[in-house]
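The values are calculated or read from the model by the stated rules, or taken from the named source; none is laboratory data. All of these numbers come straight from a predicted model, not from anything done at the bench. As a convention, Cβ positions derive from the backbone with ideal geometry for all residues, glycine included, and neighbour counts pool all protein chains shown. Calculation scope for accessible area: heavy atoms of the full protein, side chains included, ligands and nucleic acids excluded. Shrake-Rupley method; radii C 1.70, N 1.55, O 1.52, S 1.80 Å.
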Amino acid sequence: MASSGAKAGTVALVGRPNAGKSTLMNHLLAEKLAIVSDKPQTTRHRIVGILSTERGQMVFYDTPGVHKPLHRLNRQMVRHAMDALTDADVVCLLVDVSAKPGAGDAYMLEVIAKAREPRILVLNKIDRLRDKTALLPLIDRYAKTGLFAEIVPVSARTGDGAAHLLDVLWGKLAEGEPLFDPELLTIHPERFLVGERIREKVLELTSDELPFSTAVKIEGWEDEADRPLTRIHATILVDRPGQKKIVVGHQGQMIKNIGTAARIDLEEYLGRKVFLELFVRVEEGWREDRAVLASLDRDVDLAGPE
Ligand SMILES: Nc1nc2c(ncn2[C@@H]2O[C@H](COP(=O)(O)OP(=O)(O)O)[C@@H](O)[C@H]2O)c(=O)[nH]1
Ligand SMILES: [Mg+2]
């Protein structure tokens, strides 16, 4: 790895909620690391993804979407995104080309103008454009801002343009020693990633109003020594009793579906049989509660290079 010419550096993926940041990182890593959903505010922390190849090591920071925060949780999320902006060697702004431009985009440009260079604009979801020439005026408009070293159209879903984007990014990184053990895909503890995957199923299966109010806490984790079985006990936190009703569902059907989907996903992810016990607990105002937020943040805490 340390052979001369190898590159190393960090790349922040920022943008409005739903732009496809997590999908893109997963694609570039060829691994599902960050959870994805069509609900805004799916990603709540800075998720670190490590790509180690013969060209060097590229460390991605997947971030929560940047938006105007209302709750303490949201303020914390936006702060995670801003911190990543200032820490990274290269900043990639993702824009969903299939979404109508709005005030959020203008705000994003203001934010990005303060980030260090080089900045790359990634025009994502080009698979959704029936007519690719529709990209030209967009490229033109963003080029005129003078903020970006490169503008790269991609589809994080199909991978179209992703190889070119990687070429561009490698080109922007300096030579250097790898920052992390090249064997590592990430630095987050397994229990955090497992909690995220359970939360993904809650987002996937429940209605629109819930995502903002849901958190998952892993309360217990036990690997059986003599067989490939892991027992996981997790709590789904919600904000209000009405939300608990939604998550539990009629005669417990919803929580059963969430449990089944999560178990199947976790068994594949962990490569072990999983016995998953899910509870739903109402913790009113948890999004404003420093103690709860701190305990959730502790779970993400960077384990650091091994
Ligand atoms: N059609 C299409 N959908 C995408 C693409 N990238 C992401 N998505 C979808 O957009 C939604 C938001 O993606 P996500 O990665 O969670 O966005 P994030 O909030 O920026 O991390 C999900 O439903 C993704 O499947 C893309 O290139 N094409
Ligand atoms: Mg995300």
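Accessible area per residue was computed with a 1.4 Å probe on protein heavy atoms; residue 236 scores about 0 Å². Approximating the spin labels as points 7 Å out from Cα along Cα→Cβ, the residue 219-to-residue 75 distance works out to 3.0 nm.
Global dimensions of the stretch 7-172 from alpha-carbon coordinates: Rg and Dmax equal 14.6, 44 Å.
Taking the chain as a Gaussian network of alpha-carbon nodes connected by springs under 10 Å, the highest mean-square fluctuation of the residues 126, 264, 198 belongs to 264.
Working from label points 7 Å from Cα in the Cα-to-Cβ sense, the residue 99 to residue 245 distance is 3.1 nm. Largest accessible area first, the listed residues 157, 197 line up as 157, 197 when surface is computed with a 1.4 Å probe on the assembled protein chains.
Using Cβ point charges alone (K and R +1, D and E -1), the dipole size of the chain about the Cα centre works out to roughly 1100 debye. Calculated mean residue ellipticity at 222 nm for the chain: -11500 deg cm²/dmol, from DSSP H runs with n ≥ 4 weighted as -39500 (n - 2.57), summed, divided by the residue count and rounded to 500. Hydrodynamic radius of the stretch 27-116 by the Kirkwood approach over all distinct alpha-carbon pairs: 14.4 Å. The slack in the chain from residue 289 to residue 256, taken as 0.36 nm per residue of separation less the alpha-carbon distance, amounts to 9.0 nm. Keeping the other protein chains in place, figure out the carbon and sulfur percent of the accessible area of the chain, with a 1.4 Å probe. Whole-percent figure for carbon plus sulfur exposure: 50.
Report note on the peptides 100-108, 184-192, 269-277: ranked by the mean count of other C-beta atoms within 10 Å, highest first, their order is 184-192, 269-277, 100-108.
For the chain, the residue among 136, 50, 271 whose Cα projects farthest onto the positive side of the dipole built from Cβ charges is 136. Gain on full extension, evaluated as 0.36 nm per residue between residue 38 and residue 160 minus their Cα-Cα distance, stands at 41.9 nm. In summary, the aspartates and glutamates within cross-link reach of residue 144, defined as a Cα separation below 18 angstrom excluding same-chain residues under 8 places away, comprise 105, 110, 117. The translational diffusion coefficient of the chain, from Stokes-Einstein at 4 °C and 1.567 mPa s with a Kirkwood hydrodynamic radius over alpha carbon pairs, comes to 64 µm²/s.
Note on the stretch 7-172: with charges restricted to the Cβ of Lys and Arg (+1) and Asp and Glu (-1), its dipole about the Cα centre is near 540 debye. When you count the other C-beta atoms within 10 angstrom of each residue and take the mean per peptide, 250-258, 172-180, 10-18 line up highest first as 10-18, 172-180, 250-258. Judged by the ratio a/c of the largest to the smallest principal axis of the C-alpha gyration tensor, the stretch 122-166 counts as oblate, that ratio being 1.5 or greater while a/b is no larger than b/c.
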